[in-house]
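Student: Sharing a structure here in structure tokens format.
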Amino acid sequence: FKHSLAYNNFDETTDIRQYGGTAITINDTLSYKLIQNGKDKLGRWTWMKLQGRNSRIVTLVSAYRPVVSKEPGSVYNQHLRRFQTQDIKNSHGEIANPREQFWIDLGDTLKDFYESGNTIILGMDCNEDVRNSKIRTFFNN
């Protein structure tokens, strides 16, 4: 592979392994089209912007939504600890739920790409049936 981008939450380690993170790789055929890349600070998604035909910008996004887990080193608990430490709250004034906050934050990121005229290709492990009405509503908005 010619270019790759991977990211994980490096704020803490609770185990010999660090769970979570996302990655995107592109081969030689696409690498010269790479304009920009980036990541979410928690490793929930990574993205690459590629120059397409007719001045179109195509943004590839790889995302991971954590599953609820009681394991201290789980992605869910890594994010929950971050939200507690940084006092990130939901609309009810409670510490944000990592699975729900994922949709809010990813939605903001995708909206920025979309409003900039990008074509978005999203690959995601959302740890839920994508036919769920909540997920359909997210993508319809």
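The values are calculated or read from the model by the stated rules, or taken from the named source; none is laboratory data. Values in this document were obtained by computation on a predicted structure and should not be read as measured data. Cβ: placed from backbone, ideal geometry, glycine included. Neighbour counts: every protein chain shown. Please note that ligands, DNA and RNA were not included when accessible areas were found on the heavy atoms of the full protein model with its side chains. Shrake-Rupley method; radii C 1.70, N 1.55, O 1.52, S 1.80 Å.
Student: Keeping the other protein chains in place, figure out the carbon and sulfur percent of the accessible area of the stretch 2-131, with a 1.4 Å probe.
Tutor: That fraction is 48 percent.
Student: Separate question: Accessible area per residue of the stretch 32-73 at 1.4 Å probe, in Å²?
Tutor: Counting only protein heavy atoms, the per-residue value for the stretch 32-73 is 56 Å².
Student: Still on this structure, please answer the following. Which order do the peptides 83-91, 47-55 come out in when sorted by mean C-beta neighbours inside 10 angstrom, highest first?
Tutor: Highest-to-lowest ranking by the protection proxy: 47-55, 83-91.
Student: Here's a follow-up. Based on the mean of other beta carbon atoms within 10 Å per residue, what is the order of 35-43, 21-29, 107-115, most packed first?
Tutor: Descending packing order for the listed peptides: 35-43, 21-29, 107-115.
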